[in-house]
Amino acid sequence: MLMLSLTLPAITSCGSAAPSHLGYVALRGANGVTAYRINNQSAAFTRILGSPFPTGVSPASVCAHPSKRFVYVANQGENDISHLTADSQTGALSEVLPRVHTGIFPASLGIDSGGTFLYAANEASSNISIYAINSGSGVLTEIAGSPFVTGTNPVKLQVSPSGKFLYVLTPNLRSVYAYAITQGAGTLQPVAGSPFTVGTSPSSFTIDSAEHFMFVTNAFTSTVSVFAITQSTGALTQIPGSPFATTTAATSTLPIDVAASPSGGFLYVLNSGSNNISEFSIGSTGALTLLTASPASSSGTGPVFILFDSNPKFVFVGSQGSNNISVFSVNTDGTLANVQTPSTFGASPSSMFVLP
């Protein structure tokens, strides 16, 4: 799943020895990735010299290895993955060729927390490609049995925080497919009861950091479905009261993406139809309550993604209609305050990844 000029005031977090951390934005129209240093305290953005760095055609998803040495980009226009290495001093990226073949129309990438395997959801071929990651070079090698068949037209996947499970969203089937990951091998075994039915026209999902709940946005009904996660098996059970409305008004918001606070106390739903953000508190059972001040303006048009900075005091929103990224601070009561006038990219941001 941005935009920015040379220096921007606001966006992600790093170690105590460094004043900034790195963020990467995939720009679909520019066929590249822009790299930024993000100030740990202010979330100000400084573009790394040489950005945007070339990738393949129509990059759709970007993620970085936990070692901070490698960046991977799914190129939908040519059905492959770009592997880039990051300069340890400057953060500049250099692509390692050849690119790695995927299934048809790769839409989403994910890496397990140990940095051992990379997963790619291929929307048009309805399967999941799995690659072993060489820890020294970052080179990808497709594992035996890959690609693995999944539901029709998957658009998003996420490895659970524990690294034990992989979840895949298939909107056409109104389902989330759940898999147990074979540790050390990376292969997938369906979770009992999978696929799990979600709401109408699901658009995205996220899992809280404690791996207690999954939150699924339903575009056409302007709701969020909440599922409890059985941590021993990965199975999903919809909680009482779910789904929850994203607005108190009788209007359509078309929720498109969702982010949970690292503390687990708040949930933010990005609405593409109303260009704003629904703000919720999360109860102990997973139940959602709209905050009194909700919604917050997205500060852009055509928003497509929302994510937390590695400094959880900030939230970033990427908008394709206005070709920008907006930065928000998180108040103690969970409400969001826009702290940056959006900067324009000149190309549509499709994905963003922030390193710690």
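Here are a few things to note about the model shown:
- Counting only protein heavy atoms and a 1.4 Å probe, the stretch 79-158 has 39 square angstrom of accessible area per residue.
- In the chain, the portion of solvent-accessible area held by carbon and sulfur atoms comes to 56 percent [1.4 Å probe, whole percent, DNA, RNA and ligands not counted].
- Rolling a 1.4 Å probe across the protein heavy atoms gives the stretch 184-223 an accessible surface of 36 Å² per residue.
- Per residue, in Å², the accessible surface of the stretch 258-331 once ligands and nucleic acids are set aside, probe 1.4 Å: 30 Å²
- Look at where the Cα atoms of the stretch 296-344 and of the stretch 99-114 average out, and the two centres are 26 Å apart.
- For the stretch 99-234, the Cβ-based charge dipole about the Cα centre amounts to some 120 debye (Lys, Arg positive; Asp, Glu negative; other atoms uncharged).
- Cross-link partners of LYS156 among lysines (Cα-Cα below 18 Å; sequence separation of 8 or more within a chain): LYS164
- Evaluated with a Cβ-only charge set (Lys, Arg +1; Asp, Glu -1), the chain carries a dipole of roughly 160 debye about its Cα centre, given to the nearest 20.
- The chain: proportion of alpha-carbon pairs further apart than 35 angstrom, %: 15 percent
- For the stretch 246-323, convex hull volume per residue from C-alpha positions, Å³: 86 Å³
- Estimated at 0.36 nm per residue, the fully extended path between SER209 and ALA249 surpasses their Cα-Cα distance by 11.4 nm.
- Here's the list of aspartates and glutamates a cross-link from LYS68 could span, going by alpha-carbon distance under 12 Å and ignoring same-chain residues fewer than 8 apart: ASP87.
The values are calculated or read from the model by the stated rules, or taken from the named source; none is laboratory data. Not measured: the values here are computed from a predicted model. Counting neighbours? That spans all protein chains shown, and the Cβs are built from the backbone with ideal geometry, glycine included. All accessible areas refer to the heavy atoms of the entire protein, side chains included, with ligands and DNA or RNA removed. Shrake-Rupley method; radii C 1.70, N 1.55, O 1.52, S 1.80 Å.
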